[in-house]
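The values are calculated or read from the model by the stated rules, or taken from the named source; none is laboratory data. Since we're looking at a predicted model, the values are computed, not measured. Reconstructed Cβ throughout: ideal geometry from the backbone, glycine too, with neighbour counts over all protein chains shown.
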């Protein structure tokens, strides 16, 4: 980070002399009287003003700028470069997000999917030193973003997610297995998967329990989040008149999600609204904190030479002008 600072900032108060000089000059010009009195000005009525009448004000302007630059020079402007040496133990995190049609339910605002994306984005932004990736699943699964430290790219890919991108359904086992394959070869000291879903496993070739066993084998900790209110929620239903919302029973296979978390040393959370979802990610954030050592270095470079050279040039111009034109 680069910033301009002054070694003697209190001297900048002297810049108040500049408006005082201008005010004094204006007042003096308005009160100037001729040293020679004439009985009449008729002999001079056809005499026009020459460029010398106007240049005399320019010289005052040069003097005023010179004074301002002199004050800045003695205040000693400096460019300060700040560097940070960051070391971290390293945590790699894969977000496994359910994008099935049921994630469009309106028990969250604006719906479950958008709420999950917004909270996950805040979570990503709050962990600048971790590598993170994104896997999505519904009836099948795919990698939206591999592990990366470029969080801007990850967030943009997160925002592009929409329900219907892949075949509908809820393949929790496939989603978890793909997330495991994306993080298993990581050399980070801590490998974490955050799996978020709102349903029951009903698709895919890999059972959730099997995927959990694979995660445990590779030392991967899995935090599971069940999204949905208790009771019923307005789900989108395709009708001859278009998509309409009907209240339907919320079904989340909490036993499976608890089993996945228990086997891998993680935890299961239930989020019933937007605020609760924010709290869940906040708890996970506290549980998975990186150890970061930050050392800060500062380098200062004097920057008074440029204003000093300009000051000197203006001073020479004013002196030459006064002893030549005037």
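Would you check which residues across region 249-274 are under 20 Å from residue 235 (Cα atoms) and free of Cβ contacts under 8 Å to residues at least 24 places away in the same chain and list them? Don't jump to the end; show me each part of the working.
Quick first cut of region 249-274, residues under 20 Å from residue 235 (Cα atoms) only: 249-254, 270-274.
Passing the criteria: only 249.
Does residue 288 count as modelled with pLDDT under 85 and surrounded by 15 or more Cβ atoms within 10 Å (Cβ to Cβ)? For residue 288, the condition - modelled with pLDDT under 85 and surrounded by 15 or more Cβ atoms within 10 Å (Cβ to Cβ) - is not met. Taking (1) within 21 Å of residue 315 (Cβ to Cβ); (2) modelled with pLDDT of 80 or more in turn, residue 59 satisfies each apart from (2).
Going by what's in this entry, would residue 217 be described as assigned by TED's automatic domain parsing to the domain that holds residue 281 and free of Cβ contacts under 8 Å to residues at least 40 places away in the same chain? Considered against the rule, which asks whether it is assigned by TED's automatic domain parsing to the domain that holds residue 281 and free of Cβ contacts under 8 Å to residues at least 40 places away in the same chain, residue 217 comes out as yes. If you check 176, 95, 113, 161 for being touching a helix residue (DSSP H, G or I) at 6+ places or on another chain (Cβ under 7 Å), surrounded by 20 or more Cβ atoms within 10 Å (Cβ to Cβ) and not in a helix (DSSP H, G or I), only one passes: 95.
Per the listing 143, 170, the residue uniquely crowded, with 19+ Cβ neighbours inside 10 Å, in the same structural domain as residue 278 (by TED's automatic domain parsing) and not in a helix (DSSP H, G or I) is 170. Scan region 217-256 residue by residue and report those that are out of contact with any helix residue (DSSP H, G or I) (no Cβ under 8 Å at 6 or more places or on another chain), outside any loop (DSSP other than H, G, I, E, B) and closer than 30 Å to residue 288 by Cβ. Of everything in region 217-256, those that are out of contact with any helix residue (DSSP H, G or I) (no Cβ under 8 Å at 6 or more places or on another chain), outside any loop (DSSP other than H, G, I, E, B) and closer than 30 Å to residue 288 by Cβ turn out to be 217, 233, 254, 255.
Would you confirm, using the coordinates I've provided, whether residue 175 is on the phi > 0 side of the Ramachandran plot and either at pLDDT 95 or above or in the same structural domain as residue 280 (by TED's automatic domain parsing) (or both)? Working first, answer last.
Numbers: on the phi > 0 side of the Ramachandran plot: no; either at pLDDT 95 or above or in the same structural domain as residue 280 (by TED's automatic domain parsing) (or both): yes.
Answer is no for this residue.
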